[in-house]
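The next block holds one structure in the form of structure tokens; read it before the comments.
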Amino acid sequence: MVAISRSTAVAPRLAASSAPATLREGAHGSSVVTLQKKLKSAGFDPGAADGSFGPKTLAAVKAFQKARGLAADGVVGPKTWSALNSATAPKPSTGASSGGSGPTLSLGARGEPVKALQNRLNALGFNVGAADGDFGQKTLAAVKAFQKARGLTADGVVGPKTWDKLGIKVQTPSTPSGGGRAVNGYVNGVARQITVSPIAGGKELRSDAAAAFNRMHAAARAAGINLTVNSAFRTMEQQRALYQAYLNGTGNLAAKPGYSNHQGGIALDINVGATSSATYRWLAANASRFGFARTVPSEPWHWEYRP
Ligand SMILES: [Zn+2]
């Protein structure tokens, strides 16, 4: 019963003894089991938790130390123990769950929530490199490793369950007034500069549509519906690629480059599933309140901002 339980019941026992012993390669015993379990839940594979500090545990300790900016000497002293404890401790003041939340993020997302995700992954020992706010391949790999280490489906999409395990609360971005990014959009074949802003999930819409979408996203979330967006504003390059796929018979119907309302920043494809889904039904009942309407009869996922 010298438990590695993370429940609060173990706290008095821990308080009685001071810091755990310093461990190095060749060590054996229950404190090595503790070390191995902590490494594992921090996402570093020490091999079996067999209480024997061998080469695999050594490699995991060194990798963990390196990820945490500690001297990678493979010796588990007070600093490494403390880093391991903070990497694996449940967040205070949240019951059974670690209680994190945030907007759904996936490959290609950008912005502050991505930066917060990256900082958290780095702090937990899942190296994403620089926290640049850009959800690229390195972040994707770190998310998948994190999900795997925490027993989640390793799909690389940061949804409610993954946020929960990450244990931080990140706000869905709201459109800053007067903010946004000037881009080359197209409306009815005519190039036109438009201003786009991030939406929940990290994609972008024309700023007024983005603000409306973020309000809708928050309302949906309050109703237990998570709106995820597969496509929003598209550049000319992206539209060309989709149109080519359509011509090749490998993609959905796509408008001619320059003529998609995605290029005007007002159209978005929402992951609705079937029209019988809770998500679709919520949209059908509520989207108009936020200025969104369906405009393509054959595409239940395609919505446009038409206030
Ligand atoms: Zn669309």
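The values are calculated or read from the model by the stated rules, or taken from the named source; none is laboratory data. These numbers come from a predicted model, not from an experiment. Please note: Cβ atoms are built from the backbone with ideal geometry, for glycine as well, and neighbour counts cover all protein chains shown.
Just to be sure before I move on: is A154 among the aliphatic types (A, V, I, L, M), out of contact with any Pro (no Cβ under 8 Å at 6 or more places or on another chain) and not in a loop (DSSP other than H, G, I, E, B) in the structure I sent?
For A154, the condition - among the aliphatic types (A, V, I, L, M), out of contact with any Pro (no Cβ under 8 Å at 6 or more places or on another chain) and not in a loop (DSSP other than H, G, I, E, B) - is not met.
Scanning the stretch 106-113 turns up no residue that is surrounded by fewer than 19 Cβ atoms within 10 Å (Cβ to Cβ), part of a loop (DSSP other than H, G, I, E, B) and either at pLDDT 95 or above or over 12 Å from the mean Cα position of the chain (by Cα) (or both). Residue pairs whose Cβ atoms lie under 7 Å apart, sitting 6 or more positions apart in sequence or on different chains, and linking a residue in the stretch 252-266 that is in the same structural domain as S298 (by TED's automatic domain parsing) to a partner that is β-branched (V, I, T), are G264/V187; G264/I194; G265/I194; G265/V196. Would it be correct to say that S260 is within 27 Å of the chain's Cα centre (by Cα), of a type in the set (S, T, N, Q) and under 20 Å from R306 (Cβ atoms)? When the stated conditions are applied, S260 does not pass them. Taking the listed residues N119, N214, N184, N188, the one that is out of contact with any Asp or Glu (no Cβ under 6 Å at 6 or more places or on another chain), farther than 24 Å from G265 by Cβ and either outside the structural domain of K38 (by TED's automatic domain parsing) or surrounded by fewer than 16 Cβ atoms within 10 Å (Cβ to Cβ) (or both) is N119, with no other qualifying. Considering the stretch 65-80, and only residues there that are closer than 16 Å to P46 by Cα and in a loop (DSSP other than H, G, I, E, B), the residue that is nearest to the chain's Cα centre (by Cα) turns out to be A72. Determine whether N286 is in a helix (DSSP H, G or I) and away from the ligand (no atom under 12 Å from the Cβ). For N286, the condition - in a helix (DSSP H, G or I) and away from the ligand (no atom under 12 Å from the Cβ) - is met.
Of the strands (runs of 3 or more DSSP E) contained entirely in the stretch 178-270, those carrying at least 2 residues that are more than 15 Å from R110 (Cα to Cα) and within 14 Å of the ligand (Cβ to nearest atom) fall at 267-270. Of all residue pairs spaced 6 or more apart or on separate chains, those with beta-carbon atoms under 8 Å, a first member in the stretch 286-298 that is at positive phi and a second member that is among the aliphatic types (A, V, I, L, M) and more than 12 Å from the ligand (Cβ to nearest atom) are G291/A209; G291/A212.
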